[in-house]
Protein chains: 2
Amino acid sequence: MSEQTKYLLEENQMPRFWYNIQADLPTPAPAVLHPGTLQPVGPADLAPLFPMDLILQEVSQEREIEIPEPVRDVFRLWRPAPLYRARRLEKLLGTPAKIFYKYEGVSPAGSHKPNTAIPQAFYNQQSGVKRLVTETGAGQWGTSLAFAGSLFGLTVEVFQVRVSYDQKPYRRAVMETYGARCVASPSMETVFGRSVLEKTPDHPGSLGIAISEAVELAVQREDTKYALGSVLNHVLLHQTIIGQEAMEQMKMADTWPDVVIGCAGGGSNFAGIAFPFIGHGLRGGQKSRALAVEPAACPSLTRGKYAYDFGDTGRMTPLTKMHTLGSQFTPPGFHAGGLRYHGMASLVSHCKELGLVEAVAYHQVECFEAGVAFARCEGIVPAPESNHAVKGAIEEALRCKREGKAETILFCLSGHGHFDMASYQKYFAGELTDEGYDEVDLAASLLGLPQVP
Amino acid sequence: MSEQTKYLLEENQMPRFWYNIQADLPTPAPAVLHPGTLQPVGPADLAPLFPMDLILQEVSQEREIEIPEPVRDVFRLWRPAPLYRARRLEKLLGTPAKIFYKYEGVSPAGSHKPNTAIPQAFYNQQSGVKRLVTETGAGQWGTSLAFAGSLFGLTVEVFQVRVSYDQKPYRRAVMETYGARCVASPSMETVFGRSVLEKTPDHPGSLGIAISEAVELAVQREDTKYALGSVLNHVLLHQTIIGQEAMEQMKMADTWPDVVIGCAGGGSNFAGIAFPFIGHGLRGGQKSRALAVEPAACPSLTRGKYAYDFGDTGRMTPLTKMHTLGSQFTPPGFHAGGLRYHGMASLVSHCKELGLVEAVAYHQVECFEAGVAFARCEGIVPAPESNHAVKGAIEEALRCKREGKAETILFCLSGHGHFDMASYQKYFAGELTDEGYDEVDLAASLLGLPQVP
């Protein structure tokens, strides 16, 4: 019998509650403000966008929030998700560290995103909603919401950032297979989209613009709500199922992570794996470092300003205090589309300010290098986003080697790269560069931050 | 608690032996003949192509052949594979039948192919081989051998049918991510490839031609062997892990299949799920029908001739008695590339002659329809090849509905369609047709069958 590399939970070990870190934080995260009044928003302000169950989760201070049985029933298609020990990668690196990864690519949509798409579709269906609108960049979120919509009988419309819409027709085909309608953003279907196209007819789009378009449609119709795949408290809450499962699996492996790592764009998969461990430490349990890995080309946590900002380019959303590059920031066209967001989740940002979260940024070429090494050792081809977490884990393992420390490293492999092979192709062809990324000029876009006293 | 839909085995329930149907057949399959002497081939004849362990498996009459521990160790990355009950699909069809599917797309390469790629790489490495050459059509087999080679330190070279090489650059990128070299076939790297290109410079290629090229290279160098992803006895043997696991899972579900269904190109995933059930029936256990579903555009089992034929277009391989469309047959360019092979595995053909296997053929458009319906119910987007099995299962379920029978249907979902979304895209755009497929003219290519007394 060889050494164990896979740690599987029984179905009945699937968590019954999401973990809400707000219950354990020493100080609460700053309030979300209404952009007009600059007063804290209440549930009523959010009601045009989200069903009440999700709004209540957004503001809840309860430590545990029950996962509804119909949601757990769908989760059983792929959850509990496996946790692996990357023994072949350890050997390649010659590190004394133990490297574990939690693999979320086993979901039908291929990433962690269905962890929140399923409950969001469920709560919307329960409240009588017929149609969900959303935005997507690389397409992982759009795919996941399309999948969730097909299971709960909801119509799903996805505003996809135009550059991805054009470059990734296969991702669109997946969304259509699940029955969703996909629209290139900026589009002619919204006032805001038309205003952008008027000024710049060939605008490549951005997540911020796509959000504005989706929000605009959602508020117009009673039977239509908006769904967001990251950033918001309830989204991060839903993702904590990752970390909670991982905690059980680390016990099975008879160890505990010294450091927990995730890639961070909006922050949801990072929070999903890290928050349960942070909370464990805050409640007196063994502490783990929590390390967010972001792209050098969109470095909100490492180079952004901690300030109130809009979540979208059209300045329709409430104001959230977060690490931001400015809502008018357009990140360079690098290949981890899921990490191309100007801001960071409020709760992740707050944890960074509290010293509970560290952050580091890497360039895309070194992240692809890490991903290819990982694939050749462990068999799974990671999504470009996940490559950032792989890179972070490898760097920690090499540090352990230098320091002669046998630490335990845990990272979230948030998804597979099956729909992102064009980026790998460019990487192999030597067509990817990091040029200009270090010189990303933030001054201009930060100047546009809203004035909040 | 909702009704169970997923049946998972423990890791220690993973089969320790492959099942060899040759031990249970009432009459042995016809011998494989040397193309020159027309005498049965012996192990020595095959030694230039395969390591001795695989040759011995090819001719073994033992019922159980042990799976080596290093192979099981790699299998643990994704095996045992899950078995699901398709309750949402049953509801959609309104059938009294129970539909189960065994999902092989959980492997890192996304299909059942690693079940044989891993042991083939292992036995080759054990015997001192440094390089494996093979062919691939759609790319599932090439991806799997590339994956296996990366784990066992073997150089892998893949001759990919040119039309797929050009149409599916992403599949090639996956093979390169695993470190394999990919060559469009027909190529200038072999005598046979050059001879084809001389006559037809823009030849689209075929599996038969790619096999000829790979075989030609393999016999030239001592440290190089050939690997085949379907058709051969040892390949079918390796795939029986699918059916063996499924038998345990059917027991967990407290039922037994009335019919076991798989798509059939070369026959390996079909044999993998069906042979253990057929053997169970032959040994006095409860009998199950075994139904192979093939494409109407390449209908070897339903319209081919049961005769001795070559496995490749270049006529380099031994002669095998099988259902064949003729080794010079070039199937029309339909989208289930993995089913574009002129012949059927000898053991599957023999079982068909013995009345142990039934066959049916469907057109590609109706198969895509079935696959999309499945994806919207069950969340998994099937490979175009697997869509044939889905279609077969749906038709059986509708027959049960007409006949008012609550039968149990089991099918093999051999892989996901993540690398095949271009075909789905064409399906949605209405660009797929079945035109001309029923008129596939077999007379000419069957005239070219070798004369065997």
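The values are calculated or read from the model by the stated rules, or taken from the named source; none is laboratory data. No experiment lies behind these values; they were computed from the predicted model shown. Don't worry about glycine lacking a Cβ; one is built from the backbone with ideal geometry, like all the others, and counts go over all protein chains shown. Calculation scope for accessible area: heavy atoms of the full protein, side chains included, ligands and nucleic acids excluded. Shrake-Rupley method; radii C 1.70, N 1.55, O 1.52, S 1.80 Å.
Here are a few things to note about the model shown:
- Residue in region A:435-451 that is farthest from A:ARG303 (Cα to Cα), counting only those that are open to solvent by less than 60 Å² (accessible area, probe 1.4 Å) and modelled with pLDDT of 70 or more: A:PRO450
- Filter result (assigned to a strand (DSSP E or B) and either over 17 Å from B:CYS351 (Cα atoms) or under 17 Å from the mean Cα position of the chain (by Cα) (or both)) within region B:302-315: B:ASP309, B:PHE310
- Matching residues, region B:60-104, being in a helix (DSSP H, G or I), crowded, with 21+ Cβ neighbours inside 10 Å and more than 20 Å from the chain's Cα centre (by Cα): B:VAL74, B:LEU89
- Hits in region A:124-139 - residues which are in a loop (DSSP other than H, G, I, E, B) and not β-branched (Val, Ile, Thr): A:SER127, A:GLY128, A:LYS130, A:GLY137, A:ALA138, A:GLY139
- Checking A:SER144 against (1) more than 14 Å from chain B (Cβ to nearest Cβ); (2) touching a residue at least 12 places away in the same chain (Cβ under 8 Å); (3) in a helix (DSSP H, G or I); (4) of a type outside the set (Val, Ile, Thr), the condition it does not meet: (1)
- Any hit, region B:278-294, residues being part of a loop (DSSP other than H, G, I, E, B) and modelled with pLDDT under 95: no
- Checked against the criterion of being in contact (Cβ under 8 Å) with a residue 60 or more places away in the chain and surrounded by fewer than 24 Cβ atoms within 10 Å (Cβ to Cβ), the candidates B:LYS225, B:LYS199, B:LYS168 yield just one match: B:LYS168.
- Selection status of B:ALA173, within 13 Å of another protein chain (Cβ to nearest Cβ) and touching a strand residue (DSSP E or B) at 6+ places or on another chain (Cβ under 6 Å): no
- Condition check for B:PRO26: in a loop (DSSP other than H, G, I, E, B), surrounded by 13 or more Cβ atoms within 10 Å (Cβ to Cβ) and away from chain A (no Cβ under 14 Å): no
- Matching entry among B:ARG16, B:ARG76 (being basic (Lys, Arg) and at pLDDT below 95): B:ARG76
- Candidates B:SER185, B:SER127 - the one that is in contact with a Pro (Cβ under 9 Å, 6 or more places away or on another chain), more than 12 Å from chain A (Cβ to nearest Cβ), among the polar types (S, T, N, Q) and touching a residue at least 40 places away in the same chain (Cβ under 8 Å): B:SER127
This table checks each residue for (1) aromatic (Phe, Trp, Tyr); (2) modelled with pLDDT of 95 or more; (3) assigned to a loop (DSSP other than H, G, I, E, B).
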site	(1), (2), (3)
A:CYS298	no, no, yes
A:THR317	no, no, yes
A:SER327	no, no, yes
A:GLY333	no, no, yes
A:GLY338	no, no, no
A:VAL372	no, yes, no
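For every residue, the table says whether it meets (1) in contact (Cβ under 8 Å) with a residue 40 or more places away in the chain; (2) open to solvent by less than 10 Å² (accessible area, probe 1.4 Å); (3) away from chain B (no Cβ under 14 Å).
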{"residue": "A:GLU395", "(1), (2), (3)": "no, no, yes"}
{"residue": "A:GLY415", "(1), (2), (3)": "yes, yes, no"}
{"residue": "A:HIS418", "(1), (2), (3)": "yes, no, no"}
{"residue": "A:GLY430", "(1), (2), (3)": "no, no, no"}
{"residue": "A:PRO453", "(1), (2), (3)": "yes, no, yes"}
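- Of the criteria (1) more than 14 Å from chain A (Cβ to nearest Cβ); (2) among the hydrophobic types (A, V, I, L, M, F, W, C); (3) open to solvent by 50 Å² or more (accessible area, probe 1.4 Å), which one B:LEU217 fails: (3)
- Selected residue (only one of B:ALA86, B:ALA97 is of a type in the set (Gly, Ala, Ser) and away from every other protein chain (no Cβ under 14 Å)): B:ALA97
- A single entry from B:GLY179, B:GLY153, B:GLY139 fulfils the requirement of being on the phi > 0 side of the Ramachandran plot, within 14 Å of chain A (Cβ to nearest Cβ) and open to solvent by less than 10 Å² (accessible area, probe 1.4 Å): B:GLY139.
- Taking the conditions (1) assigned to a helix (DSSP H, G or I); (2) surrounded by 15 or more Cβ atoms within 10 Å (Cβ to Cβ); (3) over 20 Å from the mean Cα position of the chain (by Cα) in turn, A:ALA44 satisfies each one other than (2).
- Of the residues in region A:350-361, at least one is touching a Pro at 6+ places or on another chain (Cβ under 6 Å) and in contact (Cβ under 8 Å) with a residue 60 or more places away in the chain.
- For region A:306-317, the set of residues classified as open to solvent by 20 Å² or more (accessible area, probe 1.4 Å) and touching a strand residue (DSSP E or B) at 6+ places or on another chain (Cβ under 6 Å) consists of A:TYR306, A:TYR308, A:THR317, listed by residue number.
- The test for being touching a residue at least 12 places away in the same chain (Cβ under 8 Å), away from every other protein chain (no Cβ under 14 Å), more than 17 Å from the chain's Cα centre (by Cα) and open to solvent by less than 10 Å² (accessible area, probe 1.4 Å) holds for B:ILE55.
- Considering B:ALA375, B:ALA406, B:ALA383, the condition of being touching a helix residue (DSSP H, G or I) at 6+ places or on another chain (Cβ under 8 Å), surrounded by fewer than 23 Cβ atoms within 10 Å (Cβ to Cβ) and either within 16 Å of B:PHE100 (Cβ to Cβ) or of a type in the set (Gly, Ala, Ser) (or both) is satisfied by B:ALA406 alone.
- Verdict on A:VAL381 being among the β-branched types (Val, Ile, Thr), within 29 Å of A:ALA81 (Cα to Cα) and within 14 Å of chain B (Cβ to nearest Cβ): yes
- Breaking point among (1) away from chain A (no Cβ under 14 Å); (2) touching a Leu at 6+ places or on another chain (Cβ under 9 Å), for B:GLU66: (2)
- Residue match in region B:123-141 (condition: under 17 Å from the mean Cα position of the chain (by Cα) and among the charged types (D, E, K, R)): yes
- Unique match (being assigned to a loop (DSSP other than H, G, I, E, B), open to solvent by less than 50 Å² (accessible area, probe 1.4 Å) and not hydroxyl-bearing (Ser, Thr, Tyr)) among A:GLY193, A:GLY205: A:GLY205
- Residue count for region B:225-272, restricted to those that are touching a Cys at 6+ places or on another chain (Cβ under 9 Å), part of a loop (DSSP other than H, G, I, E, B) and modelled with pLDDT of 95 or more: 1
- Criterion (β-branched (Val, Ile, Thr), surrounded by fewer than 23 Cβ atoms within 10 Å (Cβ to Cβ) and in contact with a strand residue (DSSP E or B) (Cβ under 9 Å, 6 or more places away or on another chain)) met by exactly one of B:VAL348, B:VAL360, B:VAL365, B:VAL390: B:VAL360
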